[in-house]
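A short reminder: the numbers here are calculations on the coordinates, not readings from a lab. All figures in this text were calculated on a predicted structure; none of them were measured in a lab.
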Amino acid sequence: MSKKNKAIPGMFDKALVKQAIIDSFVKLNPKTQVKNQVMFLVYLGSIFTTRIAVI
């Protein structure tokens, strides 16, 4: 009996990282943020905090 090792994609697999980056920008879209009220408030809070820190 021998066990065959199947190739498991690593954490930094090129296709996986590419899709994760695309998905992260899609999730930053305000239309997507409005659907989840808690995340929308976090989004607004981060914008507000950044503006205060810059000024």
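Taking every lysine pair in the chain that is 8 or more places apart or spans two chains, those with Cα atoms closer than 26 Å amount to 8.
Between the Cα long axis of helix 14-27 and the first principal axis of the chain there is an angle of about 20°, rounded to the nearest 10. Rounded to the nearest 500, the 222 nm mean residue ellipticity of the chain from helices alone is -22000 deg cm²/dmol, with -39,500 (n - 2.57) taken per DSSP H run of at least 4 residues.
For the range 29-37, putting each phi into the Karplus relation 6.51 cos²θ - 1.76 cosθ + 1.60 with θ = phi - 60° gives couplings of 4, x, 5, 6, 5, 5, 5, 10, 5 Hz, in residue order, rounded to whole numbers and with x for Gly and Pro. Does the range 15-54 come out rounded, prolate or oblate by the C-alpha gyration tensor, with a ≥ b ≥ c the root eigenvalues, rounded set by a/c under 1.5 and, if not, prolate when a/b is larger than b/c and oblate if not? Note, shape of the range 15-54 comes out oblate.
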